[in-house]
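In what follows, a structure is listed as structure tokens, so that the remarks can point back to it.
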Amino acid sequence: MLSNLSVYEWSMVWLLVKEIAWPVLKALRLGWLVKYSRPSWNFDAKNKVHEDLGDIFCVVSPGGLSIFVGDPDVICEVTKKRTKFPRPVKSFVKVMGYFGPSILSSEHDEWRFHRRVTNKTFTEPNHKVVWFDSLYQASAMRDEWLSGLDNITSNKEGIIHKMGSDCMKLALHVVTLASFGVQIPWTAQKEAVPAGYEMSFREASEFFLEHIAIMAYCPKWLYKYGPKLAQTAGVAAKNMRRHMMELIQIEDEKLQNGEDGKNLLSAMLQSDDPEAQAKGGSAYDTASVSKTGVRKDFVMGNSAIFLLAGHETSARSLEYALFLFAMHPDVQEEIFEEIDEILEGVGNIYDLKYEEVFPKMVKTNGVLYEATRLFPVTPYIPKSTEDVVDSWFIYKDQRVDIPPESMVALNAIGVHYNERYWPEPYRFKPSRWYQTQKQEALGISPQDTLQLSGSNTDAARLYRRGTYLGFGEGPRNCPGKRFAQVEIMATFLALFREHRMELVLEPGETHRDAFDRAWTALQRSRMVITLNLFEEIKVKLVPRK
């Protein structure tokens, strides 16, 4: 374990100025001061930083101590010790606390309560809603790509100019229906703003989610007195909250009339958990108790988290998966075989039954897993010791004590690119997941692959606990994992039943040239709230036959 003097990565001042300050410091040859806190440093470094400094290393700064962990066993130990290594909830409260307490902004007993109740919302009936709306939204997105109605150019060749924004749009529409029962057509016209509001629900949600970084890093007074963008973000958050409260009221009324909306709101309002029942007033709403007896601030806070997580993370994962898919024609052929087998004798994709089709999409799920290994939307998982005085883990048979008020970063990107666990770590190879996916379809956890793979030595050697963090690890792993998988599998089915995706070649280019250009663009991704792609990669849809 090594130490190095550096600017504290989680300092609020540094978070606000780092994009501007980094180029200046670099020009002044002072880049060493922010070697381990400059923008997106850990994504750029991959596992190289652990090769240089070890599987676990410390960064010391006047602002605090940061420990970066790239050892799978320690990662598992830290995630199991939830009370010793809690999430740094203060930062999450700053981002989403405006909407109410939630699973993301809580720890200890409060987190157990939120997890227990929210787990009940991700049900198979809700996943069916996700499946069919994803088929619809993806089909409409495909038709728009092919027709050239992309607001960029008349596009007879099916070139896709705005993959990222379209993936965000699809994910927002799907999560809005699944969470609130509000269906938004792909070609929805601008909505009228309801009386008493400044924005429609769709406008407020889109603006808020697109500019979530403002909520994360800016002081609240900027919403009123700051630049126009900050003021608009404040208006969007206020309107989004009011719309959500109105939707909660509507769903509450439906339940009283015997109607079950089969969405996440409905599921939370029907919670039979005694801790979800009202215990006094709410700081978030004067009418704090729904007619079903559930605290509205709890429903509001978790609904906002579903909207954020179901939108941002799913969309980014889908975007990276599609670009990698376009770059690898050989992988496409494997996936087409699977899709064709599923669609054999099927005239209308809406006749497909989710519960029968989803378990068969083994290879397609492998594409998603491999895309999130190479480009995890959260390159590290933040933990902390807060005021805990007895935080420790075992590393190489020795106890390592971590001081209070330290940050502990579980370096997903580091272990994902470690060739000890992932041979050819820079290679997009979905086939390494196929055995794992077959087991998961049978209800076997992929984390048990090491014990269950038998003669499949490749899978047994590759997948071990703590080496893949695409959906988190341990008790606090992603509760919406299945939601995201269902959405992305349905999208692939709709997009590629009759088409393939190709890189657009510039004049004189070969596929290899275009591949290298696309790979360079992917490697220049940068962190905002999640990992984002900022350079354009041109792809197009063409008929398969």
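Where a number appears in this text, it was derived from the coordinates with a stated rule and is not lab data. Keep in mind the model is a prediction, meaning the values are calculated, not measured. When we count neighbours, we look across all protein chains shown, and the Cβ atoms used for this are built from the backbone with ideal geometry, even at glycine.
What to note about this one:
- Highest average first, the peptides 309-317, 237-245 ordered by how many other beta carbon atoms sit within 10 Å of their residues are 309-317, 237-245.
- Span from the the range 19-44 Cα centroid across to the the range 222-241 one, whole angstrom: 30 Å
- Applying 1/(1 + (r/R0)^6) with r as the Cβ-Cβ distance of V24 and E506 and R0 = 35 angstrom yields a FRET efficiency of 0.55.
- Counted by neighbouring Cβ atoms within 10 Å, the residues T491, T123 run from fewest to most as T123, T491.
- Among the listed pairs K481/K540; K128/K254; K429/K481; K128/K190; K46/K228; K128/K220, those with a Cα-Cα distance over 31 Å are K46/K228; K128/K220.
- Short-range pairs are left out: with C-alpha atoms under 8 Å and at least six residues apart, the relative contact order of the range 292-414 is 22 percent.
- By the beta-carbon count within 10 Å of each Cβ, the least crowded to most crowded order of F57, F492, fewest first, is F57, F492.
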